[in-house]
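The structure appears below as structure tokens.
The values are calculated or read from the model by the stated rules, or taken from the named source; none is laboratory data. Treat the numbers as computed from the prediction; the structure is a model and nothing was measured. Methodologically, a virtual Cβ is constructed for each residue, glycine included, from the backbone with ideal geometry; neighbour enumeration extends over all protein chains shown.
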Amino acid sequence: MFPVWRKVNFVRAAADIFLLPQKRVQSVCSERRSPCLSLTRRCSGRRFNVPPSAEFVARVSGIPTMAKLPYRELADGLDAAFVGVPIDTGTSNRPGARFGPRQIRVESALLRAYNSGTRAAPYESLVVADIGDVNVNLFDLKDTCKRIREAYRKILATGCIPLTMGGDHTIAYPILQAVAERHGPVGLVHVDAHADTSDVVLGEKIGHGTPFRRCVEEGLLDCNRVVQIGLRGTGYSPDSYEWSRAQGFRVVQVEECWFKSLAPLMSEVRAQMSSGPVYLSFDIDALDPGFAPGTGTPEIAGLTPAQGVEIIRGCRGLNLVGCDLVEVSPPYDTTGNTALTGANLLFEMMCVLPKVKYY
Ligand SMILES: [Mn+2]
């Protein structure tokens, strides 16, 4: 027999998924001596959205939202929200990132509620939900950028922090336009194999190789509070990262990361970022393609997943105003492991948002 609280937990979890009849729901709530909240919270009697535990509800059941959180149409009332931006029309090599948000959601069914490594309890601190995808235009990248900017304006206007699932890296540009509109020029922790600071590619200003050049041109970044970590690969000139450094960015090439913990680097990054608003943009291709092959422009000798986690955990204490995980391309990793890694990195990002409770 389960102890009573476990039974209640089970019923509560099941109610979240299966929409128990209201009568039963009320009795569950009264068992917990807490009033039913609005139907939008489905009676859990809790202030926060808590995904059903796989102890009581099978992982493979239900509609695959991110982390098995409730789906909401709007960001209103949320402290943080997972948002998908399913495009790959800005990619320069292998496509497929348009399927990223879907596969990340599917693989995220493995995520549990607590961070065992850091003892973070995001669902005891923040109201979080999956608010679906931006309605992108797969035939027109510039129109897509406009749609993203408008969608993020609305999300940010509610005070909700967006946790974005890409989609190719083009999306960071319109997202940062909306972010800077609300917060002013932001610091940026950019984890990537590439600087993404090209001026034009094939004559085009908008694409996944150019977002941070556009951001600098438009004054969206506080350039002395920008760090790019994991950069590598062949370049178009011997000084591939000269432009970044000339803007005041700190560039940490992958060679500086090999064979060591990145915790000391992150303590320097925290000092660099200070107390101002910071955006975290994590391109999955920062990781070695041996760990994350499902991506469009893989480069050898990349970061390990543990180093990726160290970078994100090292952002704890920063004034994070938004995060993204981009460039997961499911067709290039049909095992789903790249998307699973992406889902875990997004969970880690949620755990370092301001005001998250730690045990
Ligand atoms: Mn990138």
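Can you tell which of G336, G290, G296 is in the same structural domain as S92 (by TED's automatic domain parsing), farther than 27 Å from G184 by Cα and within 16 Å of the ligand (Cβ to nearest atom)? Give the derivation first.
Details: G336 fails: within 16 Å of the ligand (Cβ to nearest atom); G290 fails: within 16 Å of the ligand (Cβ to nearest atom).
Among G336, G290, G296, only G296 is in the same structural domain as S92 (by TED's automatic domain parsing), farther than 27 Å from G184 by Cα and within 16 Å of the ligand (Cβ to nearest atom).
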For V309, are the conditions met, namely being within 16 Å of the ligand (Cβ to nearest atom), among the β-branched types (V, I, T) and in contact (Cβ under 8 Å) with a residue 40 or more places away in the chain? no
Taking the stretch 57-77 as the search range and keeping residues that are among the aliphatic types (A, V, I, L, M) and in contact with an Asp or Glu (Cβ under 7 Å, 6 or more places away or on another chain), which one is surrounded by the fewest Cβ atoms within 10 Å (Cβ to Cβ)? L69
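Looking at A54, A80, which is the one that is in contact (Cβ under 8 Å) with a residue 12 or more places away in the chain, buried (at least 23 other Cβ atoms within 10 Å of the Cβ) and of a type in the set (G, A, S)? Steps first, please.
Working: A54 fails: buried (at least 23 other Cβ atoms within 10 Å of the Cβ).
Matching residue, one of A54, A80: A80.
Out of all the residues in the stretch 214-225, is one or more in the same structural domain as G90 (by TED's automatic domain parsing), within 14 Å of the ligand (Cβ to nearest atom) and among the polar types (S, T, N, Q)? If you could, list the steps in order and put the result at the bottom.
Residues of the stretch 214-225 in the same structural domain as G90 (by TED's automatic domain parsing): 214-225.
When the remaining residues are screened for being within 14 Å of the ligand (Cβ to nearest atom), the result is 214-215.
After this cut, where a residue has to be among the polar types (S, T, N, Q) as well, the list is none.
No, every residue in the stretch 214-225 fails to be in the same structural domain as G90 (by TED's automatic domain parsing), within 14 Å of the ligand (Cβ to nearest atom) and among the polar types (S, T, N, Q).
Considering A306, A343, which residue is crowded, with 24+ Cβ neighbours inside 10 Å, in the same structural domain as F82 (by TED's automatic domain parsing) and in a helix (DSSP H, G or I)? Lay out the reasoning, then the answer.
Working: A306 fails: crowded, with 24+ Cβ neighbours inside 10 Å.
Residue meeting the stated conditions: A343.
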Of the residues T118, T91, which single one is in contact with a His (Cβ under 9 Å, 6 or more places away or on another chain), part of a loop (DSSP other than H, G, I, E, B) and assigned by TED's automatic domain parsing to the domain that holds Y71? T91
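Can you tell me which residue in the stretch 73-122 is nearest to Y152 (Cα to Cα), limited to those that are of a type in the set (F, W, Y) and under 16 Å from the mean Cα position of the chain (by Cα)? Talk me through it step by step, then tell me what you get.
Here is the first cut: in the stretch 73-122, the residues of a type in the set (F, W, Y) are 82, 99, 114.
This time we only want the ones that are under 16 Å from the mean Cα position of the chain (by Cα), so: 82, 99.
Working: F82: 12, F99: 20 Å.
Among residues in the stretch 73-122 that are of a type in the set (F, W, Y) and under 16 Å from the mean Cα position of the chain (by Cα), the one nearest to Y152 (Cα to Cα) is F82.
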Tell me which of these F249 doesn't satisfy, since it passes every other one: (1) buried (at least 20 other Cβ atoms within 10 Å of the Cβ); (2) away from the ligand (no atom under 13 Å from the Cβ); (3) under 22 Å from T341 (Cα atoms). (3)
Of the conditions (1) more than 16 Å from the ligand (Cβ to nearest atom); (2) in contact with a helix residue (DSSP H, G or I) (Cβ under 7 Å, 6 or more places away or on another chain), F282 satisfies every one except a single condition; which number is it? (1)
Could you identify the single residue in A193, A129 that is farther than 22 Å from I229 by Cβ and in the same structural domain as T341 (by TED's automatic domain parsing)? A129
